[in-house]
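Only one structure is covered here, and it is reproduced in the block below.
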Amino acid sequence: MVMVNATEMVNKAHEGHYAIGAFNINNMEWTKAILAGVQKANSPVMLQVSEGAAKYMGGYKTVVDMVRDLHDFMGITVPVALHLDHGTYEGAKACIEAGFTSVMFDGSHYGIEENIAKSKEIIELAHSKGVSVECEVGGIGGTEDGVTSNGELADPAECKSIADLGVDFLAAGIGNIHGVYPENWAGLNFERLGEIDEAIGHKPIVLHGGSGIPQDQVKKAITLGVSKINVNTDLQIVFAEATRAYIEAGKDRAGKGYDPRKLLKPGTDAITEKVIDMVTSFFGSADKA
Ligand SMILES: [Zn+2]
């Protein structure tokens, strides 16, 4: 199977009351590890990159080629979409050109009028090329803008104005936060989620900052219309911890344990296991490929 856009997998998840995991990738190990996990769990998946991660990996074209080639080399048969996370107006256009199958245009820092105008343009361009689109309304709390215990909440009327443009799935703040959640976090705001779901006519909603939200809250959010969940921090933490354990045990100094293929293996395997666990016990997308 070739790579696909994310429209069908997210819509199926929305109808079936489960969610698609959208996992951020940082390099070849991340990509291989996540693909191995979803193939084993028989789950559809979105691999996503931020513009910063794409730059780190050598640009959008490098990312497209790497993901496409690994996908073929590994004989992946589950549906895989390659998505731009938090794209700028220019970045979204460049990724559509480079062969991404899905893009997010994040116009949440513009005023709503400008967000609507730019979102409309990106949606039309993407759809003309068979690429799925995510847009964002309002701010979502996160460590980058100073953590608040409530996270940020999107306005349902603004959500409707973006949803009406024909967006495939919508990112909207419902109390979620990017990065590590503070101890005094108030939790997801299900009342607001319900209002947004109603306002946008029950289109799929995206939950950003999916790492660290308690399992019962994730499951409840899925029943209320969340159909794509972004995961970044969780995989970074398991990779770092497994790599630390390897080095602290002195394994890099035993034999040829310094070989990068050995040094990076525990972290890579930890990502695969975490992905299998999340799609099976959190998102419910296992065996839905
Ligand atoms: Zn995000």
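The values are calculated or read from the model by the stated rules, or taken from the named source; none is laboratory data. Note that the structure is a prediction, hence the values are computed from the model and not measured. For neighbour counting, all protein chains shown are included, and Cβ atoms are generated from backbone atoms with ideal geometry for every residue, glycine included.
Things to note:
- Scanning segment 13-58 for residues that are within 18 Å of ALA98 (Cα to Cα) and free of Cβ contacts under 8 Å to residues at least 12 places away in the same chain yields GLY52, LYS55, GLY58.
- Among the residues listed as GLY194, GLY179, GLY210, the single one being more than 24 Å from ILE123 (Cα to Cα) and either among the hydroxyl-bearing types (Ser, Thr, Tyr) or buried (at least 17 other Cβ atoms within 10 Å of the Cβ) (or both): GLY210
- Of the set (1) within 20 Å of the chain's Cα centre (by Cα); (2) among the small types (Gly, Ala, Ser); (3) surrounded by 15 or more Cβ atoms within 10 Å (Cβ to Cβ), all apply to GLY130 but (3).
- Sole exception among (1) crowded, with 16+ Cβ neighbours inside 10 Å; (2) within 16 Å of the ligand (Cβ to nearest atom) for ILE122, by number: (2)
- Cβ pairs under 8 Å, 6+ apart, first in segment 199-210 and closer than 17 Å to ASP155 by Cβ, second within 9 Å of the ligand (Cβ to nearest atom) and not in a strand (DSSP E or B): HIS208/ILE140; HIS208/ASN176
- Of all residues in segment 142-170, those that are of a type outside the set (S, T, N, Q), over 17 Å from GLY111 (Cα atoms) and at pLDDT below 90 total 6.
- Within segment 79-95, the set of residues being away from the ligand (no atom under 16 Å from the Cβ) and surrounded by fewer than 24 Cβ atoms within 10 Å (Cβ to Cβ) comprises PRO79, TYR89, GLU90, LYS93, ALA94.
- Yes/no for PRO204 being at pLDDT 95 or above and within 16 Å of the ligand (Cβ to nearest atom): yes
- Considered as a group, the residues in segment 227-243 that are more than 17 Å from the chain's Cα centre (by Cα) and surrounded by fewer than 19 Cβ atoms within 10 Å (Cβ to Cβ) include one that is nearest to the ligand (Cβ to nearest atom), and that residue is ALA240.
- Of the numbered criteria (1) among the charged types (D, E, K, R); (2) farther than 26 Å from PRO79 by Cα; (3) within 16 Å of the ligand (Cβ to nearest atom), the one ASP216 fails is (3).
- Flag if ASP259 is under 17 Å from the mean Cα position of the chain (by Cα) and surrounded by fewer than 19 Cβ atoms within 10 Å (Cβ to Cβ): no
- Flag if VAL137 is within 14 Å of the ligand (Cβ to nearest atom) and either charged (D, E, K, R) or more than 15 Å from the chain's Cα centre (by Cα) (or both): yes
- Enumeration of residues in segment 49-62 that are in a loop (DSSP other than H, G, I, E, B) and either within 16 Å of the ligand (Cβ to nearest atom) or out of contact with any helix residue (DSSP H, G or I) (no Cβ under 9 Å at 6 or more places or on another chain) (or both): SER50
- Residues being more than 16 Å from the ligand (Cβ to nearest atom), crowded, with 24+ Cβ neighbours inside 10 Å and of a type outside the set (Phe, Trp, Tyr) - total across segment 97-115: 1
- GLY173 being within 12 Å of the ligand (Cβ to nearest atom), modelled with pLDDT of 75 or more, within 22 Å of the chain's Cα centre (by Cα) and of a type outside the set (S, T, N, Q): yes
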